[in-house]
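The values are calculated or read from the model by the stated rules, or taken from the named source; none is laboratory data. Worth saying up front: this structure is predicted, and the values here are computed from it rather than measured. A quick note on method: Cβ atoms are made from the backbone with ideal geometry, for glycine too, and the neighbour counts reach across all protein chains shown.
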Amino acid sequence: MLTADLIRPRLGWGGGKVWTKPLGMKDERCLKIAADLTALYRDHVGRKRGDLEEALSDYEGESLDYPVIRGLAKTLSDGCCFASDPPIEPGTLREQLFLRAAEQGPVIARPDLLHHTTRTKVITDAAAELGLTTQTVEEALYADLNEEQVLQEVPQVSPRELIERYNLELARGLLYWASEMRIFVGDGYKDVFKFIKLFKLMHTIREARGVRGKPGRIGGYEITLDGPISPFVQATTRYGRQMAKFLPALLLCRNWKMEADIHIPPPPGMKNTQKGPLLYRLDPRSGLRSYYKGSGPFDSKLEADLAAEFEAKYRRARRQWELRREDEVIPLGDTVMIPDFSFTHVKDGRRALLEIVGFWHPNYLRRKVEKLRQAGRRDLVVLIYEGVKCSQEDLAEVPGEVLFFKKKPVLKKVLEAVERCAM
């Protein structure tokens with residue numbers, strides 16, 4: 001991720017807004033810089049980070065584009081693999097050499113009549129004792145230092161892809177200083193909540209209803225995330241990084257928008273004159289792309305087969321129910337439940353939800369049953385594979401409809417249950 005000095009926020013004090021200045025994807029000057037940097041990095045594979053940094057400094061020179069050069073280089077460097085694998089732990093080696101030098105010292109550069117111990121002799125004696133060459137000992141001595149690490153691998157990205165990733169890093173860098181993020185999502189709920197949970201973000205959620213011409217249809221969800229400098233969250237860089245890391249997950253959705261309250265810290269030695277937070281907004285028109293991998297259309301073959309059978313048997317012209325995948329979220333305190341399918345009646349808008357519990361481990365089943373009880377939804381149909389050894393008694397407190405199946409769900413019975421519990 002970019003460091004604070006490379007984010008370069010643009011401030012609109014009159015309107016109380018803040019934004020970043022992304023690079024143009026067709027800007028030939030920026031494309032050339034990106035191409036030059038990727039070539040420079042690839043030329044330094046197998047060489048030390050210190051050598052690479054020196055080459056970057058030479059490339060930058062007196063260029064006025066140094067913020068862009070440094071930002072692109074940092075973005076590329078974050079995707080590289082640097083490593084050192086000395087035959088002996090550097091700290092242990094230094095300890096042995098310093099103890100040996102203390103016993104034989106003082107250690108001098110050139111021997112004289114009174115002093116015979118030189119650095120070369122200490123290194124040579126240690127190498128012989130360890131069964132290593134003097135060159136290996138020299139290389140291992142400070143191999144744990146950052147500049148001594150060797151560049152092992154450079155990501156295979158084109159100049160356009162590097163600029164694309166840099167623009168994303170700029171955008172999420174502002175979230176280091178967010179007190180609150182408010183997002184709307186109209187799809188992709190599973191990915192959004194998966195990453196909210198992964199990054200341990202505090203959140204609240206509410207429905208956004210009222211889609212024109214679609215009775216009963218949920219229009220999406222409004223989610224509020226407490227930021228790293230929220231009064232409810234300890235102001236730590238770690239939490240700020242977690243919120244910034246979440247942004248690419250939001251980009252996996254097709255229908256989304258985000259706004260956040262940003263508090264830009266003043267430069268060192270300067271007084272903070274910011275009156276209230278600055279508003280930071282993003283939406284699909286921002287042109288950002290995620291590098292996170294999204295969920296597939298289905299989690300199991302059972303779900304895919306059920307959807308395919310429904311589409312095959314109930315053509316759109318004679319369909320009474322519309323089947324949709326994971327389009328509703330049920331809040332459950334600090335977690336959520338996202339049923340596998342929803343059924344919405346074409347004419348009257350009544351809805352029912354469907355959750356499939358297939359070939360799962362007993363512990364998973366116990367957690368699932370607890371979620372079903374906590375949800376308390378009477379419009380929920382639960383399909384359970386008989387092989388999981390779950391009885392009707394185990395589901396006594398689960399409202400709605402419960403159906404068992406042996407090999408695969410019977411679609412006719414599912415639709416009958418949907419008709420009974422739809423609301």
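Annotations for the structure displayed:
- Count of region 132-144 residues, restricted to those that are surrounded by 17 or more Cβ atoms within 10 Å (Cβ to Cβ), of a type outside the set (Gly, Ala, Ser) and assigned to a loop (DSSP other than H, G, I, E, B), is 1.
- Failed criterion for Asp51 (all others in (1) under 13 Å from Leu151 (Cα atoms); (2) among the charged types (D, E, K, R); (3) in contact with a helix residue (DSSP H, G or I) (Cβ under 6 Å, 6 or more places away or on another chain) hold): (3)
- Identity of the residue in region 336-352, farther than 17 Å from Cys421 by Cβ and touching a helix residue (DSSP H, G or I) at 6+ places or on another chain (Cβ under 7 Å), that ends up modelled with the highest pLDDT: Ile338
- Region 83-113: number of residues that are at pLDDT below 80, surrounded by 13 or more Cβ atoms within 10 Å (Cβ to Cβ) and in a loop (DSSP other than H, G, I, E, B): 1
- Top-ranked residue in region 289-333 [being assigned to a loop (DSSP other than H, G, I, E, B), in contact with a strand residue (DSSP E or B) (Cβ under 9 Å, 6 or more places away or on another chain) and not charged (D, E, K, R); ranked as surrounded by the fewest Cβ atoms within 10 Å (Cβ to Cβ)]: Pro297
- Residue match in region 7-29 (condition: within 20 Å of Asn146 (Cβ to Cβ) and not assigned by TED's automatic domain parsing to the domain that holds Glu139): no
- Cβ-Cβ distances below 9 Å connect the following pairs, each with a first residue in region 44-57 that is on the phi > 0 side of the Ramachandran plot, a second residue that is surrounded by fewer than 18 Cβ atoms within 10 Å (Cβ to Cβ) and at pLDDT below 95, and a separation of six or more residues or different chains: Gly46/Gln152.
- A single entry from Arg172, Arg119, Arg110 fulfils the requirement of being assigned by TED's automatic domain parsing to the domain that holds Leu23 and among the basic types (Lys, Arg): Arg172.
- Counted residues, region 202-211 - those being in a loop (DSSP other than H, G, I, E, B) and at pLDDT 90 or above: 0
- Among all positions in region 30-44, there is no residue which is loosely packed, with under 13 Cβ neighbours inside 10 Å, in a helix (DSSP H, G or I) and among the acidic types (Asp, Glu).
Each row is one residue, and each column tells you yes or no for (1) of a type in the set (Lys, Arg); (2) touching an Asp or Glu at 6+ places or on another chain (Cβ under 6 Å); (3) not assigned by TED's automatic domain parsing to the domain that holds Ile384.
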{"residue": "Asn255", "(1), (2), (3)": "no, yes, yes"}
{"residue": "Ala260", "(1), (2), (3)": "no, no, yes"}
{"residue": "His263", "(1), (2), (3)": "no, no, yes"}
{"residue": "Lys271", "(1), (2), (3)": "yes, no, yes"}
{"residue": "Pro277", "(1), (2), (3)": "no, yes, yes"}
{"residue": "Leu282", "(1), (2), (3)": "no, no, yes"}
{"residue": "Gly294", "(1), (2), (3)": "no, yes, yes"}
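- Checked against the criterion of being touching a residue at least 40 places away in the same chain (Cβ under 8 Å) and assigned to a helix (DSSP H, G or I), the candidates Glu147, Glu129 yield just one match: Glu147.
Listed here are the residues, each with its yes/no results for (1) at pLDDT 95 or above; (2) within 30 Å of Arg42 (Cα to Cα); (3) in a strand (DSSP E or B); (4) not hydroxyl-bearing (Ser, Thr, Tyr).
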| position | (1), (2), (3), (4) |
| --- | --- |
| Glu161 | yes, yes, no, yes |
| Leu168 | yes, yes, no, yes |
| Ile183 | yes, no, yes, yes |
| Gly213 | no, no, no, yes |
| Gly216 | no, no, no, yes |
| Tyr221 | no, no, yes, no |
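- Selection within region 266-318 - of a type in the set (Ser, Thr, Tyr) and over 20 Å from the mean Cα position of the chain (by Cα): Thr273, Ser300, Tyr314
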